[in-house]
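The values are calculated or read from the model by the stated rules, or taken from the named source; none is laboratory data. Source: prediction; values computed, not measured. Here the Cβ positions follow ideal geometry from the backbone for every residue, glycine too, while neighbour counts run over all protein chains shown.
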Ligand code: GLC
């Protein structure tokens, strides 16, 4: 209503004083709350058409530029096959003695030599450190006819200043949480065997010793890298002088997940995590694990696949946004594959693209808000909501507004498209890695066809509306000789740590008798 443009002939008539006065008066009377001004248009229709064309052109040009940027996130079948091939090369490098020290995918032996057989029995404590929270669990496992697993657990937050403070502070905090849990359960004097799920790369020489190679994800506590984390925990317990624990096993979350799922399905010989971080483990032939003596049977290998690409072998598919996320992370240059896949980083990739689009004037009217400058604003939970098919565009807009991003409907469409491009690539890359693993197992066993189950855990996998489907399809496409079933792990790391502890206790007892 503010600038109605009028036809030229009409304008002449209009300019007659009497007509315009009457018109103004009538309009004021009809819409007293609006301030309506009449502006005389110079060659309105011609210019107007030109403006309409220019705006349409700008929008189509914008779409073209947006599409061109997002095209970098679209990987072809060929590119994904390449990723699978490169993963296989890195797997071999990690397993071989001569290349192990320089290998980026570390292929760490776990000293877990078999999956559960149902004879596991007893009461165990489990600790779970490595995601967003720290958990302490009491796990009761019964074998035979009364076969069951009962769990009690309590979740404790780890403040960021503890994650990134000194090692002593971190382990003192952990021990104080354990103390609280033992009081809560009334089992302080019991000295139960304990399994420690510690979800970081550890060089193990036995089931109950693990030297932390380097922190990943959001952790950075000092004086821990290069140390045996079981010792750090024992020292923390000693410092507190309040209770004692019998630490039997240190376990990666992938291994815990595999064991939990294998307890239900003996075909499960792979563990996968797609949560804050991403990683996988699987049962490898002892003869291929050159870092451990002996050729008989199998051992679970913690791949630490998050570090895939740290030698530059994925650089051709990394975008400027991946590089920006890496540059500003706690461990720049490290965990490059993980940074393209997992929950802690996907939101950051999205945020970097949105900042770029805003700077280029495609979004948010070109205004970079405080919210958009906030790191980690797009948590997995929000990405998952934004991409949900059941959500109308208006609801996407509401979510963005809740995050402090004042968006129009057009903005919301673009944000959703960006999220889709980033999460789809993540799922495909993860699938390409998994395809390499299943084909390796198939070849190890000299099979034309392999049926295998993967135990999976992690918030991104569980919450995201499309991630799992895209990942499964990619594995199918890239490893057509394998039938892969994905089994969602319920409470994987805690239960798995207890199962491994049970096996550890049995072996230890057998040695002593
Ligand atoms: C990181 C850790 C790895 C863990 C994964 C999933 O990649 O280095 O040990 O399994 O996150 O939590």
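Pairs are defined by a Cβ separation below 6 Å, a sequence spacing of at least 6 or placement on different chains, a first member in segment 170-192 that is under 17 Å from residue 221 (Cβ atoms), and a second member that is loosely packed, with under 15 Cβ neighbours inside 10 Å; the pairs so defined are 175/240.
Across segment 333-360, the qualifying residues are those that are in contact (Cβ under 8 Å) with a residue 60 or more places away in the chain and farther than 30 Å from residue 456 by Cβ, and the one among them that is nearest to the ligand (Cβ to nearest atom) is 356. Which numbered condition trips up residue 94, out of (1) within 58 Å of the chain's Cα centre (by Cα); (2) at pLDDT below 95? It is condition (2) that residue 94 fails. Condition first: assigned to a helix (DSSP H, G or I) and either more than 15 Å from the ligand (Cβ to nearest atom) or touching a helix residue (DSSP H, G or I) at 6+ places or on another chain (Cβ under 6 Å) (or both). Now tell me which residues in segment 462-471 satisfy that. Listed by number, the residues that qualify are 463, 467, 468, 469, 470, 471.
Quick check, is residue 189 assigned to a loop (DSSP other than H, G, I, E, B), within 30 Å of residue 314 (Cα to Cα) and modelled with pLDDT under 95? When the stated conditions are applied, residue 189 does not pass them.
Assess whether residue 300 counts as being more than 9 Å from the ligand (Cβ to nearest atom), in contact with a strand residue (DSSP E or B) (Cβ under 6 Å, 6 or more places away or on another chain) and either in a strand (DSSP E or B) or more than 30 Å from residue 176 (Cβ to Cβ) (or both).
On the way: more than 9 Å from the ligand (Cβ to nearest atom): yes; in contact with a strand residue (DSSP E or B) (Cβ under 6 Å, 6 or more places away or on another chain): yes; either in a strand (DSSP E or B) or more than 30 Å from residue 176 (Cβ to Cβ) (or both): yes.
Criteria met by residue 300.
Residues satisfying the criterion are present in segment 193-206 (criterion: away from the ligand (no atom under 16 Å from the Cβ), over 19 Å from the mean Cα position of the chain (by Cα) and under 27 Å from residue 441 (Cβ atoms)).
Would you mind stating whether residue 109 is exposed (fewer than 13 other Cβ atoms within 10 Å of the Cβ) and either closer than 27 Å to residue 311 by Cβ or within 22 Å of the chain's Cα centre (by Cα) (or both)?
Numbers: exposed (fewer than 13 other Cβ atoms within 10 Å of the Cβ): no; either closer than 27 Å to residue 311 by Cβ or within 22 Å of the chain's Cα centre (by Cα) (or both): yes.
So residue 109 does not fit the description; no.
Under the condition of being more than 16 Å from the ligand (Cβ to nearest atom) and not in a strand (DSSP E or B), the residues counted in segment 240-294 number 21. With respect to residue 299, is the statement that it is under 30 Å from residue 483 (Cβ atoms), surrounded by fewer than 21 Cβ atoms within 10 Å (Cβ to Cβ) and more than 19 Å from the chain's Cα centre (by Cα) true? Taking the combined requirement at face value, the residue satisfies it. Within segment 149-158, is there a residue that is under 17 Å from residue 237 (Cβ atoms), within 24 Å of the chain's Cα centre (by Cα), within 16 Å of the ligand (Cβ to nearest atom) and part of a strand (DSSP E or B)? There is no residue in segment 149-158 that is under 17 Å from residue 237 (Cβ atoms), within 24 Å of the chain's Cα centre (by Cα), within 16 Å of the ligand (Cβ to nearest atom) and part of a strand (DSSP E or B). Taking the listed residues 322, 326, the one that is out of contact with any strand residue (DSSP E or B) (no Cβ under 9 Å at 6 or more places or on another chain), assigned to a helix (DSSP H, G or I), at pLDDT 95 or above and farther than 21 Å from residue 213 by Cα is 322, with no other qualifying. Only one of the numbered conditions (1) under 17 Å from residue 213 (Cβ atoms); (2) more than 16 Å from the ligand (Cβ to nearest atom) is not met by residue 313, and that is (1). Set side by side, the residues 218, 210 differ, and just one is surrounded by 16 or more Cβ atoms within 10 Å (Cβ to Cβ), farther than 18 Å from residue 505 by Cα and within 13 Å of the ligand (Cβ to nearest atom), which is 218.
Do we have any residue at all in segment 489-501 that's in contact with a strand residue (DSSP E or B) (Cβ under 8 Å, 6 or more places away or on another chain) and surrounded by fewer than 24 Cβ atoms within 10 Å (Cβ to Cβ)? If you could, list the steps in order and put the result at the bottom.
Start the filter on segment 489-501 by keeping residues that are in contact with a strand residue (DSSP E or B) (Cβ under 8 Å, 6 or more places away or on another chain), which leaves 489, 491-501.
Still in the list and also surrounded by fewer than 24 Cβ atoms within 10 Å (Cβ to Cβ): 491.
So far as segment 489-501 goes, yes, one or more of its residues are in contact with a strand residue (DSSP E or B) (Cβ under 8 Å, 6 or more places away or on another chain) and surrounded by fewer than 24 Cβ atoms within 10 Å (Cβ to Cβ).
Looking across 314, 363, 330, 346, one residue alone is buried (at least 19 other Cβ atoms within 10 Å of the Cβ) and more than 26 Å from residue 76 (Cβ to Cβ). It is 363. Selection of segment 221-239 for residues being loosely packed, with under 14 Cβ neighbours inside 10 Å, in contact with a helix residue (DSSP H, G or I) (Cβ under 7 Å, 6 or more places away or on another chain) and part of a loop (DSSP other than H, G, I, E, B) yields only 223. Among the candidates 96, 135, the residue that is within 16 Å of the ligand (Cβ to nearest atom) and surrounded by fewer than 21 Cβ atoms within 10 Å (Cβ to Cβ) is uniquely 135.
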